[in-house]
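Colleague: The structure's right below; bear with me while I get my questions together.
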Number of protein chains: 4
Amino acid sequence: MELPVSEIRVQRRVQFHETDAAGLVHFSVFFRYMEEAEHALWRAAGLSIAPAGSEIGWPRLETSFEFRQPLRFEDAFEIAIRVVEVASRTLRYECRLTKDGERVATGRLAIVCVRKVAGEPMRAIAIPADIAERFRAVTTDGDRGTEEREIWT
Amino acid sequence: MELPVSEIRVQRRVQFHETDAAGLVHFSVFFRYMEEAEHALWRAAGLSIAPAGSEIGWPRLETSFEFRQPLRFEDAFEIAIRVVEVASRTLRYECRLTKDGERVATGRLAIVCVRKVAGEPMRAIAIPADIAERFRAVTTDGDRGTEEREIWT
Amino acid sequence: MELPVSEIRVQRRVQFHETDAAGLVHFSVFFRYMEEAEHALWRAAGLSIAPAGSEIGWPRLETSFEFRQPLRFEDAFEIAIRVVEVASRTLRYECRLTKDGERVATGRLAIVCVRKVAGEPMRAIAIPADIAERFRAVTTDGDRGTEEREIWT
Amino acid sequence: MELPVSEIRVQRRVQFHETDAAGLVHFSVFFRYMEEAEHALWRAAGLSIAPAGSEIGWPRLETSFEFRQPLRFEDAFEIAIRVVEVASRTLRYECRLTKDGERVATGRLAIVCVRKVAGEPMRAIAIPADIAERFRAVTTDGDRGTEEREIWT
């Protein structure tokens, strides 16, 4: 994958501990799926979102999911996440889960860059340039290739 | 609590397994907090949202959270959830988490009533009357008492 | 509760996100129940097991559970945990889960006191005296009261 | 992989939601890692441990873990699980987690075959022959190859 990165797709299988007594993946787990893909995207950008000892952190500002169809134990599915905004202090993502090519759920996530000092509240700061330059936002009206359109349109 | 019910407040303490390596409650756990309060509201209405052997289920349609400040290990906090819409097939809630009277996070949740038949897709149905009559939606411009206003305004 | 402390009992209700597609509490969650009671015991001793900024930590050395009967959504149950050994560097607990007075599961947990220095491996150290003196081990042949015997025998 | 199967190795990376405020993978998550490998072993045997609508289930009888060293966010590690006993009604596994060839933790798990009838307690039954014949226990004094010895000894 070339830098800067915009999106990534992760293949995943539903684990038993992710299901609930309704026989479906618990809705809170979708946020974990989205975050797993987010961190894979950072690794593809040559970064860790939480390196040991870092003074910079990325708390979540807001997040949402819309659910179209359920996932069940051992279902194979795909998590696709892409950067939709790189702002001064925040990053925004959109995430689509699909199974056998059909939409399962759509998520959104905004995170903010903060400086962490022991004993003090976290304070929002500008995203360091050497991080911001690794990500490129993709907009829905962009000139992305065929493969992406199939997923994102 | 008198029927129909509109809202409930649950006192909770952060457990260690709910925290992550950033030292904060993982953002996916807020959705579990919201659901714990939702199910307490159903119990206050004399109901279980998932009685053993029921053919009716309540999958989640969409949900979101906005985060204002973090929660940490052993923090004591309050989860307040209220019904904001009782529609034909769906229920909508708003949820506020506070710590020492300060806003921590705000969540929203919409659920849909479905009939579950083994081997078939879940199908949305009208909420049975004996369930719908137990809940009364509270709107933001309503004539609620002082205590509620402090929280919800 | 008087110091030193030996045991505590915590009342709990099964949450939906703790169940799995078999309709039962997932077995990994029992370890979270045991730890929740452990930390309640520390609070009863006037301590936090993980105070902010502490250089001392308590990683788990070994743990086990035997399961007698399952727990299901909304079951009310009791978690009882007691200290069975206070050694130089380690603490050992036994834990019993009961529902309506019947045994559900029995757990064991050994933890070790370590010093954490950033960038170095954790190193086991002697339990500080002001912590060790807050706990008193209870042995099975001890002179505990009737109530305890009913549970622990 | 040929039938019957005895063991499997799964490559895994630590996800952020699996860590806790001590900066380590929460100890309860190791049981989920072990179970993920267990279910991969069943798939390698051509089976699902929880097929939709099955009247047979596999509740956990007892389980344990010994911890040697911690896992941290984004650590790559291996989960190796093998069958150590196929009895009339129970299966027993041993599980070893390694990182860069070094032992991380050792787990054990015993499960029991039950028949599930709605509204009745689960009842232990003999493992169906078409399942039992897919697994072959490996003992520690067996004539396994070099590769296995490196891991299991």
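The values are calculated or read from the model by the stated rules, or taken from the named source; none is laboratory data. Bear in mind the structure is a predicted one, so any value in this text is a computation, not a measurement. Neighbour counts run over all protein chains shown; Cβ positions are idealised from the backbone, glycine included. Calculation scope for accessible area: heavy atoms of the full protein, side chains included, ligands and nucleic acids excluded. Shrake-Rupley method; radii C 1.70, N 1.55, O 1.52, S 1.80 Å.
Colleague: Count, please, the residues in region B:118-141 that happen to be under 14 Å from B:L3 (Cβ atoms) and of a type in the set (K, R).
Modeller: Total meeting the criteria: 2.
Colleague: Here's something else I'd like to know. Being open to solvent by less than 10 Å² (accessible area, probe 1.4 Å) and touching a Gly at 6+ places or on another chain (Cβ under 9 Å) is true for just one of D:L97, D:L109. Which residue is that?
Modeller: D:L97
Colleague: Count, please, the residues in region D:83-121 that happen to be touching a strand residue (DSSP E or B) at 6+ places or on another chain (Cβ under 9 Å) and assigned to a strand (DSSP E or B).
Modeller: Result for region D:83-121: 26.
Colleague: Within the set of pairs 6+ apart or on separate chains, which have a first residue in region C:1-26 that is open to solvent by less than 40 Å² (accessible area, probe 1.4 Å), a second that is modelled with pLDDT under 95 and not in a loop (DSSP other than H, G, I, E, B), and C-beta atoms under 8 Å apart?
Modeller: Listed by first residue and then by second, the contacts come to C:E7/C:E148.
Colleague: Something else: A:R136: within 16 Å of the chain's Cα centre (by Cα), under 16 Å from A:S64 (Cβ atoms), in contact (Cβ under 8 Å) with a residue 40 or more places away in the chain and open to solvent by 20 Å² or more (accessible area, probe 1.4 Å), yes or no?
Modeller: Numbers: within 16 Å of the chain's Cα centre (by Cα): yes; under 16 Å from A:S64 (Cβ atoms): no; in contact (Cβ under 8 Å) with a residue 40 or more places away in the chain: yes; open to solvent by 20 Å² or more (accessible area, probe 1.4 Å): yes.
No: the conditions fail for A:R136.
Colleague: Quick one: which of A:F31, A:F77 is surrounded by 21 or more Cβ atoms within 10 Å (Cβ to Cβ) and either farther than 19 Å from B:H26 by Cβ or under 16 Å from the mean Cα position of the chain (by Cα) (or both)?
Modeller: Details: A:F77 fails: surrounded by 21 or more Cβ atoms within 10 Å (Cβ to Cβ).
The unique qualifying residue is A:F31.
Colleague: If you don't mind, there's one more thing I want to ask. Would a scan of region D:29-38 turn up a residue that is facing another protein chain (nearest Cβ under 7 Å), outside any loop (DSSP other than H, G, I, E, B) and basic (K, R)?
Modeller: Among the residues of region D:29-38, at least one is facing another protein chain (nearest Cβ under 7 Å), outside any loop (DSSP other than H, G, I, E, B) and basic (K, R), which makes the answer yes.
Colleague: Any residue in region C:59-78 that is more than 21 Å from D:F65 (Cβ to Cβ) sitting within a Cβ distance under 7 Å of a residue that is surrounded by fewer than 22 Cβ atoms within 10 Å (Cβ to Cβ) and of a type in the set (S, T, Y)? List the pairs, counting only those 6 or more apart or interchain.
Modeller: Sorted first by the residue in region C:59-78, then by its partner, the pairs are C:E74/B:S48; C:F77/C:T98; C:E78/C:T98.
Colleague: State yes or no: is D:V83 free of Cβ contacts under 8 Å to residues at least 40 places away in the same chain and either at positive phi or open to solvent by less than 30 Å² (accessible area, probe 1.4 Å) (or both)?
Modeller: Taking the combined requirement at face value, the residue does not satisfy it.
Colleague: Follow-up. Confirm whether B:V104 is on the phi < 0 side of the Ramachandran plot, surrounded by 18 or more Cβ atoms within 10 Å (Cβ to Cβ) and away from chain A (no Cβ under 11 Å).
Modeller: yes
Colleague: Shifting gears a bit: So, A:V104, is that one touching a residue at least 12 places away in the same chain (Cβ under 8 Å) and more than 30 Å from D:R43 (Cβ to Cβ) or not?
Modeller: no
Colleague: Just wondering, is there one or more residues in region B:2-17 that are within 14 Å of chain A (Cβ to nearest Cβ) and more than 24 Å from A:R123 (Cβ to Cβ)?
Modeller: The answer is yes; a qualifying residue exists.
Colleague: Report, by residue number, each residue of region A:52-82 that is more than 7 Å from chain B (Cβ to nearest Cβ) and not in a loop (DSSP other than H, G, I, E, B).
Modeller: A:I56, A:A76, A:F77, A:E78, A:I79, A:A80, A:I81, A:R82
Colleague: Do the conditions hold for A:V138, that is, is it touching a Lys or Arg at 6+ places or on another chain (Cβ under 7 Å), farther than 23 Å from B:D20 by Cβ and assigned to a strand (DSSP E or B)?
Modeller: No, not satisfied.
Colleague: Taking the conditions exactly as written (more than 14 Å from chain D (Cβ to nearest Cβ), over 22 Å from C:Q15 (Cβ atoms) and either of a type outside the set (S, T, N, Q) or surrounded by fewer than 19 Cβ atoms within 10 Å (Cβ to Cβ) (or both)), does C:L91 satisfy them or not?
Modeller: yes
Colleague: Right, B:E36: touching a residue at least 24 places away in the same chain (Cβ under 8 Å), open to solvent by 30 Å² or more (accessible area, probe 1.4 Å) and not hydrophobic (A, V, I, L, M, F, W, C) or not?
Modeller: no
Colleague: Can you pull out the residues in region C:107-128 that are among the small types (G, A, S), within 11 Å of another protein chain (Cβ to nearest Cβ) and on the phi < 0 side of the Ramachandran plot?
Modeller: C:G107, C:A110, C:A118
Colleague: What's the total number of residues in region B:39-48 that are open to solvent by less than 10 Å² (accessible area, probe 1.4 Å) and out of contact with any Leu (no Cβ under 7 Å at 6 or more places or on another chain)?
Modeller: Residues in region B:39-48 being open to solvent by less than 10 Å² (accessible area, probe 1.4 Å) and out of contact with any Leu (no Cβ under 7 Å at 6 or more places or on another chain): 3 in total.
Colleague: Restrict the check to region B:59-74 and report whether at least one residue is open to solvent by less than 20 Å² (accessible area, probe 1.4 Å), under 20 Å from B:D130 (Cβ atoms) and touching a strand residue (DSSP E or B) at 6+ places or on another chain (Cβ under 6 Å).
Modeller: So far as region B:59-74 goes, no, none of its residues is open to solvent by less than 20 Å² (accessible area, probe 1.4 Å), under 20 Å from B:D130 (Cβ atoms) and touching a strand residue (DSSP E or B) at 6+ places or on another chain (Cβ under 6 Å).
Colleague: Identify, by number, the condition in (1) surrounded by fewer than 21 Cβ atoms within 10 Å (Cβ to Cβ); (2) touching a residue at least 40 places away in the same chain (Cβ under 8 Å) that A:P51 doesn't meet.
Modeller: With respect to (1) surrounded by fewer than 21 Cβ atoms within 10 Å (Cβ to Cβ); (2) touching a residue at least 40 places away in the same chain (Cβ under 8 Å), A:P51 is out only on (2).
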